[in-house]
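Sending over a structure as structure tokens; questions will come in a sec.
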Amino acid sequence: MNPESPVGRFAEELRELQRQAMASAGSPEGMGALSAERVAADSQWPTSRSAIYAALNGTSLPSVETLCAMVTAWAPRGAAEIGPWLRRRDSVQEEVIAWRATERRPSASPGEGRPFEQGDAVASHQLIIVAEAKSWLREALSAKGMTVSELATESGLGRTTVYQALDPAGAIPSRRTLVKLAGPLGLDHKDLFRLLMIDF
């Protein structure tokens with residue numbers, strides 16, 4: 001876990017939520033009911049022990065269902081506190097996009113550890129093109145003063161789809177996603193198609 005990353009900081013908030021619940025449990029039995037294993041087994045929200053551990057360790061941002069299960073089990077007012085925690089999760093997702101866009105990763109030479117091949121150059125070029133397209137989308141989002149949630153609403157796409165399209169480490173957006181994002185962002189989807197060498 002990187003404690004400096006948005007997901008790492010969110011994981012610390014979740015661990016503190018669990019610590020406070022454990023401290024208020026009052027008995028070993030009560031504390032046992034708050035363990036990741038019991039929360040996963042007893043929750044009405046579909047989740048798993050591994051998903052809860054991943055959220056607590058900062059390995060990944062918890063899904064909506066996993067977060068709801070954790071908050072319901074550990075927050076002082078239970079399910080009544082789900083709303084603020086989901087809004088916090090939304091803000092963390094947006095922080096992740098910005099953080100990954102500015103994070104400096106050590107650059108590895110293509111084909112490191114083996115002879116350089118032509119395919120390495122092609123793969124590197126494709127990565128650069130995708131990064132440039134995602135940068136256009138993020139810059140347009142910033143220029144419009146919109147949030148990821150607002151863009152999802154305006155485009156009619158799911159928030160996760162929009163998040164992946166903007167995230168430097170996310171999947172390459174599909175033609176349909178690009179078309180739906182272009183309008184609200186004031187972009188011409190054909191320009192994005194040209195950049196990504198997609199036929200239209």
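The values are calculated or read from the model by the stated rules, or taken from the named source; none is laboratory data. Keep in mind it's a predicted model, so treat the numbers as computed, not measured. Because the Cβ atoms are built from the backbone with ideal geometry, glycine has one as well, and the counts that use them run over all protein chains shown. Surface accessibility is based on the protein's heavy atoms, side chains included, excluding ligands, DNA and RNA. Shrake-Rupley method; radii C 1.70, N 1.55, O 1.52, S 1.80 Å.
Limited to the range 34-55, what total is found for residues that are in contact (Cβ under 8 Å) with a residue 40 or more places away in the chain and surrounded by fewer than 19 Cβ atoms within 10 Å (Cβ to Cβ)?
1
Within the range 18-33, which residues are surrounded by 13 or more Cβ atoms within 10 Å (Cβ to Cβ) and of a type in the set (A, V, I, L, M)?
If the condition is that a residue be surrounded by 13 or more Cβ atoms within 10 Å (Cβ to Cβ) and of a type in the set (A, V, I, L, M), then A21, M22, A25, M31, A33 are the ones that fit.
Within the range 157-171, which residues are closer than 20 Å to L86 by Cα and among the small types (G, A, S)?
Once the filter is applied, which keeps residues that are closer than 20 Å to L86 by Cα and among the small types (G, A, S), the range 157-171 yields only G158.
Just one of (1) out of contact with any Asp or Glu (no Cβ under 6 Å at 6 or more places or on another chain); (2) touching a residue at least 12 places away in the same chain (Cβ under 8 Å); (3) open to solvent by less than 30 Å² (accessible area, probe 1.4 Å) trips up V71, so point out which.
Just one mismatch for V71, condition (1).
Identify the residue in the range 21-37 that is within 19 Å of A11 (Cα to Cα) and in a helix (DSSP H, G or I) and, among all such residues, is farthest from the chain's Cα centre (by Cα).
A23
Matching residues to (1) of a type outside the set (D, E); (2) under 16 Å from A33 (Cα atoms); (3) not in a helix (DSSP H, G or I):
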{"site": "I52", "(1), (2), (3)": "yes, yes, no"}
{"site": "L56", "(1), (2), (3)": "yes, no, no"}
{"site": "P62", "(1), (2), (3)": "yes, no, yes"}
{"site": "L67", "(1), (2), (3)": "yes, no, no"}
{"site": "G83", "(1), (2), (3)": "yes, no, no"}
{"site": "R87", "(1), (2), (3)": "yes, no, no"}
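Go through P168, P184, P173 for me and flag whichever is in contact with a Lys or Arg (Cβ under 9 Å, 6 or more places away or on another chain), open to solvent by 40 Å² or more (accessible area, probe 1.4 Å) and not small (G, A, S).
None of the other options fit; the residue is P168.
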